Every structure is written in structure tokens, then in C-alpha cells.
Amino acid sequence: MTFREFHYRWSVDLKSSPESLWPFIADTNRFNRDTGLPIINVDDDKKPLLNARRKVRLSIFGMDVEWEEQPFEWVRPVRFGIERIYSKGPMARMRALAELTPKEGGGTHVTYEIRATPKNLIGMVAIPTQLKLKTGQRVRATFQRYDELASVGVDAGLSAAASLPQADRSRLASLGEKLFAETDRSEEARQVVDRLVSLIETGDDFAVARIRPYQFADCWKVSRRLVLEICLRATRVGMLDLRWDLLCPMCRGAKDAGTSLKNIPSDVHCSSCNIDFTTNFDRYVELTFKPNASIRRVEVQEFCVGSPERTPHIVVQQLIPAGNERTLELPLGSGNYRVRALELQGSQPLSVSANGESSATIVISKEGWNQQELNISKRTSLTLKNETESEHLLILERMAWSDQAATAAEVTALQIFRDLFSTEALRPGEHISVGTQTVLFTDLRHSTRLYREIGDATAFGRVMNHFDVLKKFIAEHDGAIVKTIGDAVMAVFRCPANALVAMLDAQSALANPGEGVMPLQLKAGLHSGPCIAVTLNDRLDYFGSTVNMAARLEGLSSGSEVIISRTVFEDAKVIELLKSKIYEASPFEMTLKGFEEEQAELWRVRRVS
């Protein structure tokens, strides 16, 4: 028996813009939950299906429902849609489409439509009963609630949806005071602690299950570093638990997690993209937090297997059948993009600028991609052509990674992290890339003579004090001491300019101590480059040619200047720093031991005023 297709369409006018509504409406995991849909189960154990299709099932009213979910298709922030093909249950097929159209004078006209085809007589009754009588009312109410949140500037991840029992609220408030006492007790710290307590108490499960400190800092308009440090301290008072999320390089979603660096696997599989990738601290490992279970138990359940807002860097996703094409009118921001296909190697580079072309065509053929970069305008007509013999899921994505991720490479290079989590290390024998770091080596000049002239006990105390001075300046400039070796220090920074200023300030402080204290001369060398993280003596350490080079440079310092390599000298912030009249840089060249194949270009940088 053939059954007719049911078609339902709801529309509502909202006061917020499509751009501000999109993070709410296109988060279909949240939207499905808020409109009363049941929890789903995703089958990732079987052989991956073509082009991000997934096998999904649920149980409703005691009835098992299973379907194959087709990939979401969308154009951000204009529309998105999904199709399900059922193998069990009362439906044969369902399609959903949401469209956000800007209104003249402001606001958005939102339409949401569902087309559902019954499989049997139960479906003929269930579909109109469920969709017509219940879904429409819930959809409108949910859109209106999202509009209220978006119109007052609430971040989609910060909407309130919970309330703790009184006993838990009291304990949370007590921990908040204990946490505040661990900070510098500034007004800004008070503000962040209070907001963190409020977030844990009333925040939506989706938000508090994965607290990203930089995202919340940007929303609260406060210092990122302060929020990160308070979250780190919150783990020590029992308010939060930290977690290392492993991010897929393609969809950039969290695919695995560990509560310690020792638990992080070096090889990870993404079932959504059907790829294997190797862990990288610089980009693929992010530090996040969630409430300690004694304060609030958070169980994040799945209501949708895929969602445009799960991959916000992807602005367009379209499934193009073999031999077909599709033309899209796109609103784009400036920057670098690429078009790729999920099941095809390679990509087509794009750049978007104000003076780019108003239309362009991208073709995938048996020969692959045209590698020549296209320059298109912010409002462009883009045609996607599939001239292969297979369908392809085409993806247009921004190349820039979000800077709201507190990456492992950055966090492990902070002194506060090493102070609070000194036991954090990788599994023995494991090594992971941490990307580019600025490595510092220091040593006291004439330290042996110091012990002979003023005695062992006095000299030892002075050396210990010099470590305190170094730690202070390194921490203030977002660096971290990795280890001490006798009188020497190895430290790492993410920013070369911060490292340079920290060392010049430390040299000045040690050379000009208080009255009655013997001055010290600190030799220092800096080099930037890729590093590998390892565990050495039960602590996180670094090795590689970048570390070896930095160690060689320290020995060239006289104690009144910092020796820097070309990679440090050419950093944009260092260039700006050296333009001032405060510092001067004198170039020289020499051959370094272990790097005899070329002359090293180096600079002596000193403070002149």
C-alpha cells in the first residue's frame, strides 16, 4: 500500500537577526531536546556508511524505531535540512528544513517544515497526531525562547536551564568563597568566581558539561587568562574536574577525552569523518572543565547525531549526486577557506575579500581538484559541480581554527599549570608534538666563583632567590619553568616577545637588587620552533632541535643581554618591540656546535633605557 506524504509548515517572526539566532536554532541537539524529542542511540560499531550517513535508533512508546540519517545540508546562517530513511517504525521517510530570512528593518522570518511519509497504518495515525497537534506548538515556543535569549546577547552555550537543590547550592557557594580566597582577590576575580558559581548552578547541561574557559571569558568580557587560572584553581578546591578533549582535524569535534595527559591516546579515530589522526598538543588537544560530580551530576544525552552548529567552522555542506551541480548564494566573511569532499582527497583553496569575484564555479572531476586559489567576494554566487561518477558531500570551511580553544600546548606552557598539576605527564615512552614553542635557557655567570667568594650557604640562598625572581617574571609573561639544572633554568613560552621581555626584566632585577645584596648576571638564550613533549623524571619535558639550539645560545650571553635566533627576531611582536628606544639588537653570525651545516644568524638584545 502506498501512503501519502504529510507536509507541515510553521513560521514565526522574530526580532533577532539570522546570525544571532543561528547558534540556537542550528544546534539541533539542543533544539530536538527543547522540542521534546526522545534520546537517540547512534550505531558507530558497524562499518562506516558513505558520506557521513549514520545508523540511529530510539524507542518511543515501547516501539523500536531505526533509520539511516543522511548528512545534514546547510548554508550558514540561511538554512539547514536533514533527511531520514527508516528501516523500523511507523515512518518510511522524513525530511526537515529550517530557513532564516532577514526582514526589512531588522529581525528574522523563520520557517520550519517537515515532510513525513508513513510506512503503515500506525504511521497514518501517529504522524498527524504527533506532528500537527504537538510539534508545531513546541517549535514556535522554542523559537520564541531562543529569540528572547539572542535579543539580549546571551551566548547559545550559556542559557540557563537548571537549578540545584538548596544543599548543593550552599556547598557550591562555600566552595566559591574558598576559590576566591585562592585568587588575587581583585574585583575582576570576584566577578569571574561569582559567574562561574552561577554557571554551575543554573547553566544548561550542554554548557556546563564542556566548560571552555576562553569562550566564557569572551562572553563575560573579562581576561581569558584570569578565567583559565580560576578554572584551574577550581579543580583544586573540588568545584570542577578538568578534561583533555581530543579534536578531529576535519570536523574539529571532541572525539575522545582523558582526565590526565597519561590517558590521552596518541592515535584517534573520528567516526563522523571516518579518519584516523595523530594527537597534536598544538591544535588537537583542548583543556575543558565540567562540574565535580559531588556538586552537580551532568549527563549529556544525544538527541541528534549531526548538527550544523557542532561544526561552526563549516559554513556550507551540500550532498551533490554524481553528474549534478548546485548554485548557492552565499554570505561570507573575509579570510581563507577551502572546499573539500568527505570521501575524496585534496581540496580547492578559496580566499574571500571585498574585491573578489561575485561568482565562481568549483568542479570536482575524475582528475580531482583545480589547485589554483579562487578569490571571491563576501556576497557571491558559488556553483558546485560534481563531474565524478559518485555522489560527494562537499564542504566549504573556514581555514582559521578558533582561538577560543585552550590548547594543551598553551596550557602546559603556563607556570600556574605546572605549579598546580606538577604530576601531569605523558605515558612513559609517549611523545607528542606541541607545535611551535619559544624555549629559554638561562645560567648564572660566574656562579662557581660566587660560592667561593661568599661561602656555600650564602651563595646557595642567593641562587635559590634568583630562581624565585626568574619564576616571577616568567609567570607574569605567560611562560613556565620546565626544569632547573644546577644554577640553570629551562622554560617555555608561547609568545617570543613575552619571553624576551621577561628575560630582559629578570636580568635587570638581578643586576640591580636591593641594598646589601650582591648583584648577579644572568646569561639567557631564546629560540622558537617546533618541539616534542615527553615525560622525563615523571614531569612533562620537551626535546628536539629547537631545545638544543636554545641551549647553545645561552652560553653566548655575557649576562647583560639576551641572545635570540632569527625565528625570534622575525616574530611580528618582537619586531614591534625592537622598534622602541628601550631595546637595541646587534646582529652577529657564528657556527654553533651540533649545527655546523650553516652559519647561525643571531642577535644580542639589551635594554638601553
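Counting only residues that are under 14 Å from I25 (Cβ atoms) and touching a strand residue (DSSP E or B) at 6+ places or on another chain (Cβ under 9 Å), region 111-147 holds 9 of them.
Residues in region 394-423 that are buried (at least 21 other Cβ atoms within 10 Å of the Cβ), over 15 Å from C231 (Cβ atoms) and touching a helix residue (DSSP H, G or I) at 6+ places or on another chain (Cβ under 6 Å): there are none. Every condition in (1) closer than 30 Å to D538 by Cβ; (2) of a type in the set (F, W, Y); (3) touching a helix residue (DSSP H, G or I) at 6+ places or on another chain (Cβ under 6 Å) holds for W244 except the one numbered (3).
If L246 meets every condition in (1) surrounded by fewer than 17 Cβ atoms within 10 Å (Cβ to Cβ); (2) in contact with a Pro (Cβ under 9 Å, 6 or more places away or on another chain); (3) within 19 Å of S402 (Cα to Cα) apart from one, which number is that one? Every condition holds for L246 apart from (1).
Residue pairs whose Cβ atoms lie under 7 Å apart, sitting 6 or more positions apart in sequence or on different chains, and linking a residue in region 59-77 that is in the same structural domain as K119 (by TED's automatic domain parsing) to a partner that is of a type in the set (S, T, N, Q) and in a loop (DSSP other than H, G, I, E, B), are F72/S307. Here the condition is being part of a helix (DSSP H, G or I), surrounded by 15 or more Cβ atoms within 10 Å (Cβ to Cβ) and among the aromatic types (F, W, Y); of F277, F206, it holds for F206 alone.
From the list G323, G346, the one residue that fits, being under 28 Å from the mean Cα position of the chain (by Cα) and loosely packed, with under 14 Cβ neighbours inside 10 Å, is G346. Flag set for S560, criterion: hydroxyl-bearing (S, T, Y), closer than 16 Å to L500 by Cβ, modelled with pLDDT of 90 or more and part of a loop (DSSP other than H, G, I, E, B). Within region 294-303, identify whether any single residue is in a helix (DSSP H, G or I), of a type in the set (K, R) and under 30 Å from D419 (Cα atoms), and answer yes or no. No, the conditions are met nowhere in region 294-303. Every test in (1) under 30 Å from S260 (Cα atoms); (2) under 30 Å from the mean Cα position of the chain (by Cα) is passed by K573 save one, and that test is (1). For region 150-177, a residue qualifies if it is at pLDDT 75 or above, surrounded by 14 or more Cβ atoms within 10 Å (Cβ to Cβ) and touching a helix residue (DSSP H, G or I) at 6+ places or on another chain (Cβ under 7 Å), and the qualifying residues are A150, L164, R169, L172, G176. Return the only residue of V56, V42 being within 26 Å of L344 (Cβ to Cβ), in contact with a Lys or Arg (Cβ under 7 Å, 6 or more places away or on another chain) and in contact (Cβ under 8 Å) with a residue 60 or more places away in the chain. Exactly one residue qualifies, and that residue is V42. Residues in region 107-122 that are at pLDDT 95 or above and in a loop (DSSP other than H, G, I, E, B): G107 only. Taking the numbered list (1) surrounded by 14 or more Cβ atoms within 10 Å (Cβ to Cβ); (2) within 30 Å of L50 (Cα to Cα); (3) in contact (Cβ under 8 Å) with a residue 24 or more places away in the chain in turn, N370 passes all entries but (3).
Condition check ((1) in a loop (DSSP other than H, G, I, E, B); (2) loosely packed, with under 13 Cβ neighbours inside 10 Å; (3) among the small types (G, A, S)) across all residues:
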position	(1), (2), (3)
S508	no, no, yes
I532	no, no, no
L540	no, no, no
V547	no, no, no
V574	no, no, no
L577	no, no, no
K581	yes, yes, no
E584	no, no, no
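The requirement of being in a helix (DSSP H, G or I), crowded, with 19+ Cβ neighbours inside 10 Å and touching a residue at least 12 places away in the same chain (Cβ under 8 Å) is fulfilled nowhere in region 516-527; no residue meets it.
The values are calculated or read from the model by the stated rules, or taken from the named source; none is laboratory data. Here the structure is a predicted model, which is why all the values come from computation and not from measurement. So basically every Cβ, Gly included, is an ideal-geometry build from the backbone, and we count neighbours across all protein chains shown.
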